[in-house]
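Novice: Following this message is one structure expressed as structure tokens.
The values are calculated or read from the model by the stated rules, or taken from the named source; none is laboratory data. Every value quoted in this text rests on a predicted model; they were computed, and no experiment measured them. Cβ sites come from the backbone with ideal geometry, for glycine too, and all protein chains shown count toward neighbours. Heads up: the accessible areas ignore ligands, DNA and RNA and are worked out on the full protein's heavy atoms, side chains in. Shrake-Rupley method; radii C 1.70, N 1.55, O 1.52, S 1.80 Å.
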Amino acid sequence: MADGFDPTDPAFVDDPYPVFARLRRDAPVQRLASGAWALTRYDDVHEALADDRLSNAPARYAVVASRNRERYVCADVAANILPFLDEPAHAGPRRAIGRGFHERLRSAPPDIEGIATDLLSEWDSGATHDVVADYASPLAVAVIGDLLGVPVDDSERLQAWSELFFYLFGAIPSADVRDRLDAALSDFRDLLRGILERRRAHPDDGL
């Protein structure tokens, strides 16, 4: 592992910025123990992202690689979501999603100010709060839920799911995390399946 860099190290996760600064200065391109390549300079990242020889699909040794679709829900999901699709498969969904979001935001944007005010009104002014955990994360979940038409009656569960979903885009550190991610994705699929069935039976203008 070049330069001792381990992206799953709790110390790095807690405070990554000094490590990134050192890597940009001393080891901007390196191979990790996982087999992945790490680029830490803007110009290198920009060039790589624009290079048609590189794919958006997860590497074959990744947990979420398409060869694991039958084994893990997370791999099946990764094979179907926009960030991991290459052209030409990427273009159609991207246009459809972009058009849907644009029309929804133009016709009925979410009431972000109202949602934010409602969350603040529930705070106990005499208590100590974690702004990220108690406010920013629930606000993001509520706004996205409103935008997509997903009920947020169980916002704590949606928030817990969303935190697990980030593992789709990074290192999955253990089999336990992978199993919890698969369970969360399965539950979320069930939720969305029910919403889609109701929308098919009773169409509306929601995204």
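Novice: Looking only at the stretch 117-139, filter to residues that are surrounded by 15 or more Cβ atoms within 10 Å (Cβ to Cβ) and either hydrophobic (A, V, I, L, M, F, W, C) or in a loop (DSSP other than H, G, I, E, B) (or both); which one of those is farthest from the chain's Cα centre (by Cα)?
Specialist: Initial filter on the stretch 117-139 (surrounded by 15 or more Cβ atoms within 10 Å (Cβ to Cβ)): 119, 134-135, 137-139.
Next, only the ones that are either hydrophobic (A, V, I, L, M, F, W, C) or in a loop (DSSP other than H, G, I, E, B) (or both) stay: 119, 139.
Values: LEU119: 23, LEU139: 16 Å.
Here the answer is LEU119.
Novice: Is one or more of the residues making up the stretch 166-180 without any contact (Cβ under 8 Å) to a residue 24 or more places away in the chain, part of a loop (DSSP other than H, G, I, E, B) and of a type in the set (Asp, Glu)? Quick ask: steps written out before the conclusion?
Specialist: First, the residues of the stretch 166-180 that are without any contact (Cβ under 8 Å) to a residue 24 or more places away in the chain: 166, 174-177, 179-180.
Those left that are additionally part of a loop (DSSP other than H, G, I, E, B): 174.
Narrowing further to those that are of a type in the set (Asp, Glu): none.
So far as the stretch 166-180 goes, no, none of its residues is without any contact (Cβ under 8 Å) to a residue 24 or more places away in the chain, part of a loop (DSSP other than H, G, I, E, B) and of a type in the set (Asp, Glu).
Novice: Could you check the stretch 8-43 and list, in sequence order, the residues that are closer than 21 Å to ALA59 by Cβ and either hydroxyl-bearing (Ser, Thr, Tyr) or open to solvent by less than 50 Å² (accessible area, probe 1.4 Å) (or both)?
Specialist: THR8, PHE12, LEU23, ALA27, PRO28, GLN30, LEU32, SER34, GLY35, ALA36, ALA38, THR40
Novice: For the stretch 73-83, which residues satisfy the criterion of being open to solvent by 30 Å² or more (accessible area, probe 1.4 Å) and either in contact with a Ser or Thr (Cβ under 9 Å, 6 or more places away or on another chain) or within 17 Å of ARG189 (Cα to Cα) (or both)?
Specialist: First pass over the stretch 73-83, keeping only residues open to solvent by 30 Å² or more (accessible area, probe 1.4 Å): 73, 76, 79-83.
Of everything in the stretch 73-83, those that are open to solvent by 30 Å² or more (accessible area, probe 1.4 Å) and either in contact with a Ser or Thr (Cβ under 9 Å, 6 or more places away or on another chain) or within 17 Å of ARG189 (Cα to Cα) (or both) turn out to be VAL73, ASP76, ALA79, ASN80, ILE81, LEU82.
Novice: Of the residues ALA50, ALA57, which single one is in contact with a helix residue (DSSP H, G or I) (Cβ under 6 Å, 6 or more places away or on another chain), under 18 Å from PRO83 (Cβ atoms) and either loosely packed, with under 10 Cβ neighbours inside 10 Å or among the hydrophobic types (A, V, I, L, M, F, W, C) (or both)?
Specialist: Values: ALA50 fails: in contact with a helix residue (DSSP H, G or I) (Cβ under 6 Å, 6 or more places away or on another chain).
Only one candidate qualifies: ALA57.
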